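Comments concern the structure below.
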Amino acid sequence: MRLADGLQIIAVVSVALVIAIFLGDGGAARFGTPADAITSLGVVTGLVGTDLLLLMMLLAARLPPIDRAFGHDSAMALHQSLGKPALYLILGHGVLLTIGYAMVQPASVFAEVWIMLTTLPDLPLAFVGLGLLVTVVVTSLVVVRRRFRYEAWHLVHLLSYLAVLVAIPHQLSVGTLFREGSVQRYYWLALYLGVAGGVVLFRFVVPIVRSLRSGLVVEGVDPVARDVVSIRLSGRRLGRLGARSGQFFIWRFWTPKLWWQAHPFSLSAAPTGSALRITVRGLGDASTALSALPKGTRVSFEGPYGLFTDVARTSPRIVLIAAGIGVAPIRSLLETATFAPGQATVILRGGTADDTYLVDELADLCRVRGAELRIIAGKRSPGVNSWLPADAVRAQITLATLVPQLREADVYICGPRRWTDEVVRDARSAGLPTRQIHFERFDW
């Protein structure tokens, strides 16, 4: 059994288990009246919704087994897909319980809300947690998220931890399901402590220890293009990190303006035992400030993360496709990937020639390693779903026509989300199986 399959089974079992615990505690007999049925459904939706929230936190905690099984990109996509169901279940929990309690009183729904807030212990905190959760989910919607700078959105997203924290007391103090000494009380406490332990260990303890041990500092900043720089980093015993070309880290640069922000950047050169390099474009306040980093600036990090490496290869040939700053992991992969001369193709895509970066380095690597380099510039047609420019679409050019031996290759794609999705779609239409398509999206 694959690790990913095992983790998926555990996730499904966790949902089934919380329902079974409720039914085993007498919940199966609490459907005798309409009021009891609605209240019981409210309890179940709350249990399942909370379980999904904890699963979401684990997916975002960067646990090594999850990263090895799914890769960061897929794990975060799954994390995002669970957001709405979890919110709807938690909202259903509050609505159904309010209606069920109101039917017992009897009282109006609005009167019941007031009664619950003023008489049930810890319920005001639960309402605060619900409000925080709504805020996090709404700001995670693409149409809303694009209105925020990365730094502001990231701070808002941290409220999800607070939302879960402030909701715990009402779960333990309201109702009899989690009464003192019950198995279900200890089970849920173990869940909370396990998730919290995973977050603290892999988001804080391990990164701090690795950062202190590595002593990473900025060695130099090299201009690449307008708003694009390569940052050279040096440290000690970096080989112990196990980093591979194509992976990324979450970086924190300890300057007065940047110390409180952390950003994901991929390696743009093969890692060595004493040096790392990243190439970044100024997309936000922090990214722009990175171009002025002084030599010797201390750097802390989380990682390495991602399955965007040569280890995932299944075929002798390789096709590397990048747009914009997505060239960074592609360039590092080209440096170390295993292939014979003539078995690799590199495709750079940009709206103009100025939108392609590290071209000279890629050209040199392609010449030395016997790889083909194609640079495709041009604007896409408005309203046309394609990763290629308008003239290429009119000429019916596809990935399969650009790379005739595509089915014998693994394809690595890195670029903006929608553009990447179009390349993936093109590869699949050419008959390429999922196992031969690897992608990393660099937007947030």
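The residues on offer are A353, A340, A377, A363, and the sole one that is without any contact (Cβ under 8 Å) to a residue 40 or more places away in the chain and farther than 25 Å from V280 by Cα is A340.
Tell me whether region 401-413 contains one or more residues that are exposed (fewer than 14 other Cβ atoms within 10 Å of the Cβ), assigned by TED's automatic domain parsing to the domain that holds R435, part of a loop (DSSP other than H, G, I, E, B) and on the phi > 0 side of the Ramachandran plot. Scanning region 401-413, I find no residue that is exposed (fewer than 14 other Cβ atoms within 10 Å of the Cβ), assigned by TED's automatic domain parsing to the domain that holds R435, part of a loop (DSSP other than H, G, I, E, B) and on the phi > 0 side of the Ramachandran plot, so the answer is no. Among all positions in region 30-37, there is no residue which is acidic (D, E), farther than 27 Å from F202 by Cβ and part of a loop (DSSP other than H, G, I, E, B). Applying the condition of being in a helix (DSSP H, G or I) and in contact with an Asp or Glu (Cβ under 7 Å, 6 or more places away or on another chain) to region 314-337 and asking which residue is nearest to D360 (Cα to Cα) yields R331. Total residues in region 214-228 satisfying the condition of being in contact with a Gly (Cβ under 8 Å, 6 or more places away or on another chain) and within 12 Å of A289 (Cα to Cα): the figure is 2. Of all residues being in a loop (DSSP other than H, G, I, E, B) and in contact (Cβ under 8 Å) with a residue 60 or more places away in the chain in region 236-249, which is farthest from S332 (Cα to Cα)? Just the residue, please. Only one residue fits best here, namely G242.
Listed here are the residues, each with its yes/no results for (1) in a helix (DSSP H, G or I); (2) within 26 Å of the chain's Cα centre (by Cα); (3) modelled with pLDDT under 95.
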{"site": "P169", "(1), (2), (3)": "yes, no, yes"}
{"site": "Q184", "(1), (2), (3)": "yes, no, yes"}
{"site": "Y192", "(1), (2), (3)": "yes, yes, yes"}
{"site": "R210", "(1), (2), (3)": "yes, yes, no"}
{"site": "P223", "(1), (2), (3)": "no, no, yes"}
{"site": "S230", "(1), (2), (3)": "no, yes, no"}
{"site": "W251", "(1), (2), (3)": "no, yes, yes"}
{"site": "P256", "(1), (2), (3)": "no, no, yes"}
{"site": "I278", "(1), (2), (3)": "no, yes, no"}
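Return yes when L141 is surrounded by fewer than 16 Cβ atoms within 10 Å (Cβ to Cβ), within 15 Å of A60 (Cα to Cα) and modelled with pLDDT under 75 and no when it is not. Answer is no for this residue. In region 280-310, the qualifying residues are those that are aliphatic (A, V, I, L, M) and at pLDDT below 90, and the one that is nearest to S386 (Cα to Cα) is L283. With the structure loaded, tell me whether L362 is surrounded by 15 or more Cβ atoms within 10 Å (Cβ to Cβ), in the same structural domain as G415 (by TED's automatic domain parsing) and assigned to a strand (DSSP E or B) or whether it fails that test. Against the criterion (surrounded by 15 or more Cβ atoms within 10 Å (Cβ to Cβ), in the same structural domain as G415 (by TED's automatic domain parsing) and assigned to a strand (DSSP E or B)), L362 does not qualify. For region 69-128, a residue qualifies if it is of a type in the set (S, T, Y) and under 30 Å from F249 (Cα atoms), and the qualifying residues are S74, S81. For the condition under 15 Å from I330 (Cα atoms) and surrounded by fewer than 21 Cβ atoms within 10 Å (Cβ to Cβ), S230 qualifies.
Answer yes if at least one residue in region 415-422 is of a type in the set (F, W, Y) and surrounded by fewer than 17 Cβ atoms within 10 Å (Cβ to Cβ), and no otherwise. No.
Within region 280-313, the only residue that satisfies the criterion of being farther than 23 Å from S214 by Cα, among the basic types (K, R) and part of a loop (DSSP other than H, G, I, E, B) is R313.
The values are calculated or read from the model by the stated rules, or taken from the named source; none is laboratory data. Everything numeric in this text was worked out from a predicted model, so none of it was measured. Here the Cβ is made from the backbone with ideal geometry for all residues, glycine too, and neighbour counts use every protein chain on show.
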